[in-house]
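Single-structure report; data block below.
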Amino acid sequence: MASESVGTAILVIAGVILAAMVSAALLSQANLLDSSMRLAMMNAQNRLETSISIALASLNTTGAEKYFVIYVKNTGSRPISSAELVKTDLYLVDDQHTVLMVYSSSGGYNKWNYTEVNPNGVWDVGETLVVKAFNSTSFSIPMRIVIALPNGIRAEYVYSG
């Protein structure tokens, strides 16, 4: 009789421990799912609030270097940080070439940099950036200029000379 009680008690304790372990595992997975959903919602909201447009582009041929001057406006409802800007890609595309340009504060071939109209370290809503794109490739006209932010929002402009 006593051995049955001890055996039953051990099984009950083992069952409680097993139930606690399963509950802990399920709760941690629920928290992970909740965190993932929150992150996805924040990313979606970020994309919805972000919009840019290329107002004008021209080719600067004065001096030794040729580069494109591109005026890009923040038409979204949120400011864009300089940390996001330096991760932005710029593409020059014609029928024969596609050139990816990455940010470099000092410029250089196949690099781009920018100047804020209102230099405060943030690309404010409604503010225009002056982007300089230094290329070493001869492009045929018309060509496309594409600017893609790290969150996937992009703007395109057809340059026709």
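Count, please, the residues in the stretch 127-149 that happen to be exposed (fewer than 14 other Cβ atoms within 10 Å of the Cβ) and modelled with pLDDT under 95.
From the stretch 127-149, those exposed (fewer than 14 other Cβ atoms within 10 Å of the Cβ) are 130, 136-138, 140-142; that's our starting set.
This time we only want the ones that are modelled with pLDDT under 95, so: 136-138, 140-142.
Within the stretch 127-149, residues that are exposed (fewer than 14 other Cβ atoms within 10 Å of the Cβ) and modelled with pLDDT under 95 number 6.
Taking the residues in the stretch 132-145 that are under 12 Å from Met101 (Cα atoms) and not small (Gly, Ala, Ser) as candidates, determine which candidate is nearest to the chain's Cα centre (by Cα).
Let us first name the residues in the stretch 132-145 that are under 12 Å from Met101 (Cα atoms), namely 132-137, 145.
Imposing the further condition that a residue be not small (Gly, Ala, Ser) reduces the set to 132, 134-135, 137, 145.
Working: Lys132: 20, Phe134: 22, Asn135: 23, Thr137: 26, Ile145: 18 Å.
So the residue we want is Ile145.
Scan Arg38, Arg47 and give me the residue that is closer than 22 Å to Ile153 by Cα, out of contact with any Ser or Thr (no Cβ under 8 Å at 6 or more places or on another chain) and modelled with pLDDT of 80 or more.
Arg38 is the lone residue from the list that is closer than 22 Å to Ile153 by Cα, out of contact with any Ser or Thr (no Cβ under 8 Å at 6 or more places or on another chain) and modelled with pLDDT of 80 or more.
The values are calculated or read from the model by the stated rules, or taken from the named source; none is laboratory data. The structure presented is a predicted model; accordingly, all values stated were derived computationally and were not measured. Glycine also receives a Cβ, built like all others from the backbone with ideal geometry; neighbour counts cover every protein chain displayed.
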